[in-house]
Amino acid sequence: MLNVENLESWYDRSYIVQGISLRVGKGEIVSIIGRNGAGKTTTLRTIMGLVPKCKGVVTFDGSDNIIDEPTHTRFQRGLGFVPEERRIVPALTVRENLRLGLVSSDLKSKEDEIIEEIAVSFPRLKERLDQIAETMSGGEQQMLAIARALASDPKMIMLDEPSEGIMPVLVDEMFELFVRLKEQGKTILLVEQNVERALEVSDRAYILDQGIIVRESTGADLLADKEIQEKYCAV
Ligand code: ATP
C-alpha cells in the first residue's frame, strides 16, 4: 500500500532522513522505533508532505511518486495522519471535532451516521460527544484525535507517538484499538517510544537510528531481541 524508497529530507541545512526505504502492506501494522531524535517524526512528516526539502520516491495505493504532492492531496488519496501534537480544537465539543474530520471528505453527507459508528469503536468518546474537548484528559484527547483521523475512512493511518504521556489504562485501550482496527482491515504505520507494546501488535517493524534504518524484522523477532532494543531504543 505504501512504498518509500530512498527518502531523504532536511530542515534547513540539517540532513535528517538519510535515505530510508520502507513498505507497509495492506492490512498490516508496521512500527518505526528508535531513540529520541532518530528521525521518526520527520519520516512521517516527510511521507505526509510536511517537510518541504525532501527527495525520494513515495507511492501510495498504486499511485505514481507523490513526493511533490501537497499534503491535502495525499489526505484525499486516503493517507491519514495523527501528529504528536494532536491538533484537536480545544474549544469545540467532541462531536464538532469529529465533524471537522469530515470537512474535506465526500462522506460529509453521512455525518451523523459516521459519528455514531465512530462512537461505537470509542466508548469513551460516545459518553462525551457533547463535552468540550479541552476538558478531557490528555489520553481522551488523543483518542479523539485518532477518531477524527478515522472519520474520513482513510486507507492507511500514520500515528506519531499516540501513547505518549497517557495514563496506563488508556494506553491499554489504545493498543487494543489498533488490533481491532487491523481486524477491520485498516493499515497502520506507527511511531512509538513504547517499544514493547508497539512490537507486540506489529506485523513488522523498522529500527531507525540517526536517519537511517538499521534493522527490519517482524514484531515478534524484535520483541525477543533485548540487545537490539537496548542498543537502539533506550531513551
Ligand atoms: P522524538 O522521539 O524525540 O520525537 P524522533 O525520532 O521523532 O524523536 P525527530 O523529531 O524526527 O526525531 O527529530 C530528528 C532531528 O530533527 C532532531 O535532531 C531534531 O532536533 C531535528 N528537528 C526536528 N524538527 C525540526 C524542525 N522543525 N526544525 C529543525 N530541526 C528539527
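The values are calculated or read from the model by the stated rules, or taken from the named source; none is laboratory data. Worth saying up front: this structure is predicted, and the values here are computed from it rather than measured. Positions of Cβ are generated from backbone atoms using ideal geometry, with glycine treated the same way; all protein chains shown enter the neighbour counts.
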Ser63 vs (1) in contact with an Asp or Glu (Cβ under 9 Å, 6 or more places away or on another chain); (2) polar (S, T, N, Q); (3) within 16 Å of the ligand (Cβ to nearest atom): all pass except (3)
From the set of residues in region 183-235 that are without any contact (Cβ under 8 Å) to a residue 12 or more places away in the chain and under 20 Å from the mean Cα position of the chain (by Cα), which is nearest to Ser31 (Cα to Cα)? Glu183
Just give me the residues in region 1-18 being of a type outside the set (D, E, K, R), in a strand (DSSP E or B) and touching a residue at least 40 places away in the same chain (Cβ under 8 Å), in sequence order. Leu2, Asn3, Val4, Asn6, Leu7, Ser9, Trp10, Tyr11, Tyr15, Ile16, Val17, Gln18
Can you name the residue in region 29-52 that is of a type in the set (Ser, Thr, Tyr) and more than 12 Å from the chain's Cα centre (by Cα) and, of all such residues, is nearest to the ligand (Cβ to nearest atom)? Thr42
Failed condition for Ile213, given (1) within 16 Å of the ligand (Cβ to nearest atom); (2) modelled with pLDDT under 95, with all others met? (2)
Just one of (1) at negative phi; (2) loosely packed, with under 15 Cβ neighbours inside 10 Å trips up Gly62, so point out which. (1)
Given the criterion of a type in the set (Ser, Thr, Tyr), surrounded by 15 or more Cβ atoms within 10 Å (Cβ to Cβ) and under 24 Å from Arg86 (Cα atoms), identify the matching residue among Tyr206, Tyr232. Tyr206
Verdict on Asp112 being without any contact (Cβ under 8 Å) to a residue 60 or more places away in the chain, assigned to a loop (DSSP other than H, G, I, E, B) and loosely packed, with under 15 Cβ neighbours inside 10 Å: no
Regarding Ala145, is this residue away from the ligand (no atom under 16 Å from the Cβ), more than 27 Å from Glu8 (Cβ to Cβ) and surrounded by 19 or more Cβ atoms within 10 Å (Cβ to Cβ)? yes
Within region 85-103, can one find any residue that is closer than 23 Å to Tyr206 by Cβ and more than 15 Å from the chain's Cα centre (by Cα)? no
Quick one: is Lys26 over 20 Å from the mean Cα position of the chain (by Cα) and modelled with pLDDT of 95 or more? no
In region 87-98, how many residues are crowded, with 18+ Cβ neighbours inside 10 Å and either of a type in the set (A, V, I, L, M) or at pLDDT below 90 (or both)? 3
Checking the condition at pLDDT below 90 and under 30 Å from Thr218 (Cα atoms), which residue from Val169, Val82, Val179 passes? Val169
Given the structure, is Ser21 more than 7 Å from the ligand (Cβ to nearest atom), surrounded by 23 or more Cβ atoms within 10 Å (Cβ to Cβ), in a strand (DSSP E or B) and not basic (Lys, Arg)? no
On the basis of being without any contact (Cβ under 8 Å) to a residue 60 or more places away in the chain and within 30 Å of Glu230 (Cα to Cα), does Arg23 make the cut? yes
Which residues, taken from region 129-157, are of a type in the set (Lys, Arg) and under 15 Å from Gln184 (Cα atoms)? Lys155
Is it the case that some residue within region 162-175 is in contact with a strand residue (DSSP E or B) (Cβ under 8 Å, 6 or more places away or on another chain) and closer than 21 Å to Val89 by Cβ? yes
